[in-house]
Each structure stands twice: as structure tokens, then as C-alpha cells.
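Here is the structure we will look at, set down as C-alpha cells.
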Amino acid sequence: MKAQSIAAATGVGAVDLAVTDADRALRFYRDYVGLTQLPGEGPELRMGAAGREIVVLHPGSERPVVQRTSGLYHLAIVVPDRRELARVIGRLARLGWDQYPTDHVMTKANYLWDPDANGIEIYTESPEDGTLGFANGTFVAYDKDGRERSGRDPIDVDELFSHLRPDDRLESPMSQGTKMGHVHLHVADVEAALHFYHDLVGFDVMGHVPGVGFVSAGGYHHHLGLNEWAGRGARPAPAGSAGLRRFTVELPTQSDLEDVVDRLEHGQVRVAEEDGGFVAVDPSANRVVFKVAAAR
């Protein structure tokens, strides 16, 4: 049993991705997604919005993402409003990139893949439109009037684009307030993943049906998604593949960080210092760094 919940103000920070080609990845995340390259040393490319680091790209992989393996299902960048999401969708449409705008009722989301097949979601919160949750072993969604919805309908693009202003430039970088909203992982065993992220790390379970779990801090709909859609028992990708290097969980204080580390160590999980925080590996070989969030 989980002894205590992780601090309510916990969130997800930067996600590190392995990619094959540096120039191609930079163009994609800058010109298509809308992130800005941040200063940094070394071969990695640090991408963010309004100075906040969001994605770190590590070029040099030998092959694109290998399917049917554990690792990243998608990283999910949350933008501050429908206007910003409209700019993203409009920009991708102008550039001819495949995308899948989806209405989850309580969020408006857009799905795409980078040139190496790393999954990306870009979304904005829309709780005023209704809810999405779990019941009777599956997903359920209801709009603001209580009518059942699929939660996977196409976005009303005309309504979304109505939030654009006449002077909006589709090519402008992502705005202040953009951040990593959540990370969704392929795991080998959801029960084992929930033991790690719920019982030890301390996230609260927001939903759990066979093969899928969602956990969060502070009542958020989810900071982590966990699924067996790559196959129960899915193995990690072979060395040299593009894909998830690590993701970051940001705690509000040093004391909150120490609580997480203590729980992991008491659970016989090896924890090591890394990049100003502590790194651990979940049961599906996904690396997660825990650190104190930078002051903003």
C-alpha cells in the first residue's frame, strides 16, 4: 500500500528523446511543433518555449523508433489556450504534416509523430466542455449537458480556428505558459508499473482498466499514462534506436524530492544522482529523473 501521496504541486518536466538526424529533428521541433532552441553545450538540442525547457533531443541513433517495445507512447505538450492549439494545427496543416486533432471533451488534443516516429500530443485543457474518465472497465465521456460522447471525436476545427486573431502568425513560436503536461508510456505490465509509480513514487491512481492506468499528482487528470498496447511483456527497444531516453518528474521542494527517494529506496529500487536530481528505472526499463522544479 502507498504510504503517502506525492506532493500535489508535482508535475512533469523535460523529456529527453533519442533521434537519428540532428538537423532534421531541429527543423521539425522548431518549424513544425513550434519550440525554440535554447542555449546549451554538447551535441544535444534543447528545445523549449519562453525559456522553459520542454524537449531535449539526442541525435545519433542508428534507426527510428522500434515498434512493439516498451518506452514512449507519446509526450504531451500542453498549450495555454485554444488559440495556441489552433496555431499549432494551422501551422502543421500549412506544412502538410500528418496530424489527428481529437476532442477528448475535457481536453482538445492533436496527435502526430516526429520523423523518427516518436509520438507527440499537443493539447489544451477544456474542462468547461465536460469530462472524460472510467466506468465499467472502459473509458467514458460526457459533455457539459450530460450527454455521452465517445471522447475521440474529431475537433470542431471551425470553432477552434475562430479563436485566432487577424494578426496571428502561424509560424510564431509557442507562447508563454507552454509546458510538458504529461507523458504516456508503453509498459510491459501495468500492474508492475502502478506498483512503481503509485505505491513507491506516490502518484495517485486516476483510472485503471485492464491494460491501462493513469496516475497524477494533486488531482490532475493524469501526469503519466501507462499502457500495454505494445504487448504485455514488451521488451525495451534495442540499443541504438530512437525513442525515450528519460523523462523528468519535478517536485516542488527538496523535502518532497527526498520523500520520493526514500520511498524508492525502501522499495528496493536503485536510485542514483543524475543532472541535479535522482534517477531510477521503472520495471519496463523507462528511466525517470526526479528533481526539484526550477523557480519561475
Tell me, in nm to one decimal, what length is gained between residue 266 and residue 67 on full extension, where the rule is 0.36 nm per residue of separation less the Cα-Cα distance?
68.2 nm
Among 278, 134, 196, which one shows the highest mean-square fluctuation when the chain is modelled as a Gaussian network with alpha-carbon springs under 10 Å?
134
Convex hull over the Cα atoms of segment 42-160, averaged projected area in nm²?
9.8 nm²
To the nearest Å², the heavy-atom accessible area per residue of segment 189-290 with 1.4 Å probe amounts to 42 Å²
Accessible carbon and sulfur surface of the chain relative to its total accessible area, %, 1.4 Å
49 percent
Nearest 500 deg cm²/dmol is fine: what mean residue ellipticity at 222 nm does the chain get from its DSSP H runs of n ≥ 4 alone, each adding -39,500 (n - 2.57), divided by its residue count?
-4000 deg cm²/dmol
Net charge contributed by nearby residues that have their C-beta within less than 9 Å of residue 55 (K/R +1, D/E -1):
-1
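Just the accessible area per residue of segment 35-101, please: how many Å² with a 1.4 Å probe? Please list the in-between numbers first.
Details: 3080 Å² over 67 residues.
Each residue of segment 35-101 exposes 46 Å² on average to a 1.4 Å probe.
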Taking the C-alpha atoms of segment 1-57, how large are the radius of gyration and the largest Cα-Cα span, Dmax, in Å?
14.9, 47
In whole angstrom, how long is each semi-axis of the equivalent ellipsoid of the chain, when you take the square root of 5 times every eigenvalue of its Cα gyration tensor and sort them from largest down?
28, 24, 19
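Segment 1-103: percent of C-alpha pairs farther apart than 22 Å?
Working: 2222 of 5253 pairs.
Tail fraction, whole percent: 42.
Do me a favour and compute the ellipsoid semi-axes for segment 143-294 from its Cα gyration tensor, root of five times each eigenvalue, largest one first, whole Å.
Numbers: eigenvalues 198, 90, 61 Å².
Output for segment 143-294: semi-axes of 31, 21, 17 Å.
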When each pair of different Cα atoms in segment 208-278 is counted once in the 1/r mean, what is the Kirkwood radius in angstroms, to one decimal?
15.0 Å
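The values are calculated or read from the model by the stated rules, or taken from the named source; none is laboratory data. Only a predicted model underlies this, so the values are computations on that prediction, with no experimental measurement involved. FYI the Cβ positions are ideal-geometry reconstructions off the backbone, even for glycines, and counts take in every protein chain you see. For accessibility, only protein heavy atoms count, side chains too; no ligands or nucleic acids. Shrake-Rupley method; radii C 1.70, N 1.55, O 1.52, S 1.80 Å.
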